[in-house]
Structure formats: C-alpha cells, structure tokens
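Written out below as structure tokens is the structure these notes cover.
What follows is calculated from the coordinates using simple rules that are stated; it is not laboratory data. Note that the structure is a prediction, hence the values are computed from the model and not measured. Counting neighbours? That spans all protein chains shown, and the Cβs are built from the backbone with ideal geometry, glycine included.
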Amino acid sequence: MSRLSEIPVRVEGLPQSVDPSMTPAGLGGGIAAILSELAVLLERLAASDETAMIDLRSLPMSAADRILLQRALGDGEVHATLQAQGTSTARETGVAGVWWIEHRDAHDALLAELLEVARFPQILASAPDEIQQAAAALQARNSAAA
Amino acid sequence: MSTIPQVTVGEMLRRNGVSRRAFIKFCTASASAMALPAWMGAAMAEQLRHAPRPSVVYLSFQECTGCFESFTRSFAPTIENLMFDVISLDYDDTLMAASGSAAEAALAAAMKDNHGRYVLIVDGSIPTGAGGAYCTAGGRSADMTLRAAAEGAAVILAVGTCASFGGIPFANPNPTNAWPVSAIVAGKPIINVSGCPPIPEVITGTLLQYVTTGKLPDLDENLRPKAYFGNSIHDRCYRRPFYDAGKFAKSFDDEGARNGWCLYELGCKGPTTYNACATMKWNDGASFPIESGHGCLGCSEPDFWDKGSFYAAQSSADWNSAGETSPREVLELVGGTAAAGAVLGVGAAGAGRLRQHQSEKE
C-alpha cells in the first residue's frame, strides 16, 4: 500500500437519500447551504452570465457530506478529461450550469476540487494568445508546404 | 546590490515545458490551499508568469526537522513545483547536495547576489545561552547566522512554533535560553507560520502568496497570515454541531467517542487555537487530529507547551482572549518556578471542574 487513498475507508451513518429538511445541527446541514448558494449563483449566471466557483476543500465537510452532495447534484451529459501534468476532469452535474471539477497531479493525487457555475469550465477554453500563436504557426506551415 | 537579472516564473515554465493549463491547475490548487477565492487561481497564474523567480534561503536552528519534513510534503503546491517553477531555493542544509565549506559558500553567494530581495525562511528557535554554543554551524552560532542573513532579506518567514514563538525549547525552564525569530531580528517584516509542525500547504501557500503579490499578507496580532490563522479550530470543526447540541465524549473509548461527538471535555484546545487544520487537513486532506479521534493540542499558539494538561477541559473563560496569560506567565508574575508542575496541575483541574460545573447547570 503506497498511497493514502488506498487505505480503505468506511463511511458510517450515511443516510440513503438527501433530506432537505435535515437541520443545521446534523450532518448534512452544510450541504443544504451549498445547494442554496448554488441556486443563487445559477440565477446570477442566467441573468448576467456571471460565473462563480466554490472551493469544496475550503468547506468543513465529512466524507459522508461529500457523498451526499454528489448524490444531490447527480450526473449530467458532459464529462471532459484534460491531460496537463496529471488528469483533470470537468463533469457536468445533473444541475445544468454546475460543473464538478477535479484536478489531479501526475501521481493521481487530488490537488483541487471545485464546483464551477458557468456555461462551460474556464480551463477548457483555449487562450487568445495561444490561438494567435497557433494561427501564425499554421500560416507559416501552410506557406512552407505551398 | 547585485545586478544579476532575475528569471521570471513564466520563463522558467517555458524552459520546463509546463503548459498554461497545467500552470492554471497548479495555481488553482494553490489558491485553494491559500484559502483564496477559487476564481483567483487563473488570475494568479497570469500574475505569477510575469513575476521574478525569487531566491530563497532556508536556515534551520534549534529544531527537530519536523517543520522541514512537513514543508517537503506539501501537495499543493508541491515542493518540486515550487523549486523548479516558482522559487530558486539557493540554500537549504537538509536538501542541498553540497556540504561543509561548499555549502557555506553557497549561502554567502546567495546572500550577496540577492541582497535586499531574498526570502529568508527560518525554522527552529535561537538558543542564546552559553554564548550560543547550543546550536552552531560553520563555526558560527545560530544567533550570528540569523542576524547576518536577516540583514539582506526582503522578508522573513518564521516557520513552526519554535521559530514563531520559541516552541518547545522556549518552554519552561528554557535551558538553552532560546528565543523566537521576532525576539532577535528587528526592522524586517516577519511572517509567523506557526504549528508543530505547520500544515505543509500553509508553509508553501504563504511563500507563494508573497511571491505572487510581493506584499505581506494580512497578519493577526501574532504576525500569522489571517488567511490560515483567522478562524479557530472549534469554529471550523466538523464536530461543532455536537458541541452545540451538548454531546461530548467523556473518554476516548466511550459511546460518544465512537459516535464522533465533541472532544471538548477530553481537553481539546480547538476553541483557543487558530489554525487551518479543520478545513485544509493533513496528508493531502486525509484527516486532522480531531477527525482521528484526539483533541487539538493547540500547537500553533504561543506557549502551548506551558498551558497545562492536554487532557484537561478548558475553561470557557479562556476563550477568545488573545492577550490571555499563560500559566507560565502567571508563575513569572508571582515570582515562583519551583512549584510549576503543581500549580499547572491545579490550574488545569480547576478549569476542568469549572466546565463540569457548567455542564451540570445546563
């Protein structure tokens, strides 16, 4: 066993479904707060195209909370994979406009985990300066071939 | 002052073949570790690409190397990312291949070439007893080396509770007459990154934040970055709902402990300890002491070793008192040291009884 993630962890006391009426004093109270925040952020995205991110690692969540949140958001249609010094995934959740982003390093260790509220995740877009460079390079190649 | 041009971080990334997206990823992970808003990652990536790659000098004094071990285990950013892409680690006696006079020459060269602009990281306290003989390297005492290195530093990061507040060497009776960095160096900006050891990502994140912005972060009254030390462990603890509900573990193997109830009555120092353990956690976010079933020891606070038993419940009268007087300071005030153990024991038991009394009333 060489990695922490390989140590088996059993999550105890996990409710079978998300109960929105769970009180803030119980486990899962934080999930209701995240879902409320997402609703506000989605309204803002719809109204003014304003994007937002929630850093899941900055929140005091238990392993059970994380699973509850995943269940609450569900799975959407798009699942993008990015190879940049390790794998990153951008998965659209079942809530349109809410993306679950995971960044992993070359050893597959989790570096960052975010919820991005956007039409598509920022990191997937090509950068304007790189597009310019690519256009120039392609022009040069075409000229040389001609 | 040296005229050696500084390489920018962007230039270093190009040389190392690091793509823009990979760097955004690195910065997003670092922003997360630095408790910055998540959208800052991309902004930071852009800013860092144009920033000069600073020289870093790391000095270890009276310490156990736990802080450095922690530093090397940072996941975001990793020390490799930092060293290859963002900083130039010019002297570190634990990591560097050179030894003896070659190592000493590397230190002298780094200090001369980057005079006035290098980042000085210090771990360990500085013993001043016996003319500094308790900690020497290259024929110089820790005190002499620190004063010389501090003179040309742009900023000093005191890493660990020993460098920040004196730590265990400073604990009563402080046989080596040890002091924290802030007691030795004057006139230089000092950032204390306390903890025994500090969270790896707090060390690297503080360093990265300084490199990104070129400015000191907002600091608390103990010179610690508020981004990491702004909240108490208690306020961010996932067991807090049990405290609020009055559910406490009474021993380490009772039903309450098995149910993950609050460890307050078992001596947890979370309410008076400011650190990021409850949110950033340790070992790549695997866990933190309270999640592993043990109360917080308060290791990132001044005089944590002299504040009584780790297993005695605190008095809520001690909460949120930044200028709190430690038992050791009380002893000094009353002029007694011989009965230290006895007085501390009484104090801790008293605090426990007070808490118990409050529980009974509730």
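Which pairs in the list B:Lys215/B:Lys307; B:Lys188/B:Lys226; B:Lys247/B:Lys269; B:Lys188/B:Lys307; B:Lys226/B:Lys250 are over 26 Å apart, alpha-carbon to alpha-carbon?
Numbers: B:Lys215/B:Lys307 34 Å; B:Lys188/B:Lys226 19 Å; B:Lys247/B:Lys269 17 Å; B:Lys188/B:Lys307 30 Å; B:Lys226/B:Lys250 33 Å.
Over 26 Å Cα-Cα: B:Lys215/B:Lys307; B:Lys188/B:Lys307; B:Lys226/B:Lys250.
Residue by residue through B:36-44, how many Cβ atoms from other chains fall within 10 Å of the Cβ on average?
On the way: counts 2, 5, 13, 7, 2, 7, 3, 0, 0.
Average per residue, whole number: 4.
Using the Cβ-Cβ distance between B:Thr94 and A:Val78 with R0 = 35 Å, the FRET efficiency computed as 1/(1 + (r/R0)^6) comes to roughly 0.15. Neighbouring Cβ atoms from other chains, within 10 Å of the Cβ of residues in A:103-111, number 6 on average.
Spin-label model, A:Ala145 to A:Ile131: label points 7 Å out along the Cα-to-beta-carbon direction sit 2.2 nm apart. Mind giving me the FRET efficiency for B:Asn283 and B:Ser101? R0 is 56 Å, r the Cβ-Cβ distance, nearest 0.05 is fine. Using R0 = 56 Å, I get an efficiency of 0.90.
Give, in nm to one decimal, the length gained when the segment between B:Ser251 and B:Ile184 is fully stretched (0.36 nm per residue of separation minus the Cα-Cα distance).
Working: separation 67, 0.36 × 67 = 24.12 nm, distance 4.29 nm.
This chain segment gains 19.8 nm when fully extended.
The label-point distance for A:Ala106 and B:Ala148, in a model that sets each label 7 Å from Cα toward Cβ, rounds to 3.7 nm.
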